[in-house]
Amino acid sequence: MSDNLYNKQEWNRFILENNGSFLQAYEWGEFQEGFGKRVLRFKVAGPPSSAGADFGEATQAQFIANKLPGVNKFYWHCPRGPVTANSEGQIANSELQGIIDIIKKSAGKEVIFFRLGPEATIEQLPIGQLNNSGFKQLPYDIEPSQTLILDITKTEDELLAQTHEKWRYNIRLAQKKGVQVKVTSCDDVNFEHYFEEFYRLVSEGTAERKNIKHHQKEYYKKQLEITSPQPSPS
């Protein structure tokens with residue numbers, strides 16, 4: 001369950017306005033709760049602004065409790081977070097300390113550590129305070145170290161022109177062979193059929209051919225159920 005019940009729309013608006021990841025979206029927390037995980041959402045105020053206001057821009061964080069294998073111990077993880085409203089993406093010392101204080105207060109004896117994974121670069125982080133607070137940088141990445149944002153305002157031809165020649169060939173070959181992309185949602189009468197076909201392609205196609213690990217069927221189904229657009233009330 002969530003410890004703080006923030007308004008979903010307001011929470012997500014902050015994420016969108018500050019280039020946050022979907023892993024900090026309210027729905028991602030709901031998805032994790034669907035598997036029995038505890039989710040903690042909170043905001044901390046930034047340092048006083050130069051304009052004379054009591055506090056500057058805030059920082060927002062969504063933590064998810066993960067169980068360690070083989071023991072009754074947990075750790076808190078903030079994937080791609082916290083998200084800050086600072087125009088330069090910097091996390092202030094006071095904001096970091098606020099996060100540490102809240103997590104320590106919320107953690108029981110079964111929680112042995114917590115992990116931050118902000119989008120910020122090393123230069124944007126308060127390294128000195130992180131070190132003094134006992135944080136250690138992992139020698140590997142939990143989330144992808146590099147991501148690509150696709151500008152979907154461009155036309156299909158413009159997007160294809162930016163791809164490798166072989167990719168364009170493979171896409172057009174698939175179209176000639178009858179491959180189609182269908183957008184569906186959980187309230188579609190054919191949803192179960194589409195979902196079963198999707199999972200067959202994931203498990204028997206991509207996973208087996210390329211030796212790519214994939215989740216169990218229930219993981220994908222619950223994700224679709226929670227993140228699908230909800231029908232408007234009649």
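Just the ratio, please: alpha-carbon radius of gyration of the chain over 2.2 N^0.38 Å, N its number of residues.
Normalised Rg, Cα atoms only: 1.21.
Just how many pairs of Lys in the stretch 156-227 have C-alpha atoms closer than 23 Å, counting pairs that are eight or more places apart or on different chains?
Close lysine pairs under the 23 Å cut-off: 10.
Just to be sure I understand: of the beta bridges DSSP finds with both ends in the stretch 8-132, what percent are antiparallel, rounded to 5?
70 percent
Hey, what does the equivalent ellipsoid look like for the stretch 156-227, semi-axes from the Cα gyration tensor as sqrt of 5 times each eigenvalue, largest first, whole Å?
Working through the eigenvalues yields semi-axes of 26, 17, 12 Å.
Calculate, in nm to one decimal, what Thr121 and Asn7 gain on full extension: separation in residues at 0.36 nm each, minus their alpha carbon distance.
38.1 nm
Of the beta bridges DSSP finds with both residues in the chain, what % are antiparallel, to the nearest 5?
Taking every DSSP beta bridge with both residues in the chain, the antiparallel ones total about 65 percent.
Which length gain, in nm to one decimal place, applies between Asp141 and Gln216 when the Cα-Cα distance is subtracted from 0.36 nm times their residue separation?
Stretched fully, the Asp141-Gln216 segment lengthens by 24.7 nm.
How far apart, in nm, are two points set 7 Å out from the Cα along the Cα-to-Cβ line at Arg168 and at Glu33?
4.7 nm
What does the charge dipole of the chain about its Cα centre add up to, to the nearest 20 debye, if the Cβ of each Lys and Arg holds +1 and the Cβ of each Asp and Glu holds -1?
Once rounded to the nearest 20, the dipole reads 860 debye.
For the stretch 91-183, how big is Rg over Rh, using alpha carbon atoms and the Kirkwood form of Rh?
1.23
For the stretch 8-132, what mean projected area does the convex hull of the alpha carbons give, in nm²?
Computing the convex hull of the Cα atoms and averaging its projections yields 8.5 nm².
With springs only between Cα atoms under 10 Å, which of Lys37, Lys154, Lys213 fluctuates most in a Gaussian network model of the chain?
The residue with the greatest mean-square fluctuation here is Lys154.
Would you tally the net charge around His215, using a Cβ to Cβ cut-off of less than 11 Å, leaving His215 out, and scoring K and R as +1, D and E as -1?
Every neighbour counted, the sum reads +3.
Note down the net charge around Pro144, summing +1 for each Lys or Arg and -1 for each Asp or Glu among other residues with Cβ under 14 Å from its Cβ.
Neighbour charge sum, excluding Pro144 itself: -2.
None of the figures in this text is laboratory data; all of them are computed from the coordinates on show. Keep in mind that this is a model prediction, so the values were computed, not measured. Please note: Cβ atoms are built from the backbone with ideal geometry, for glycine as well, and neighbour counts cover all protein chains shown.
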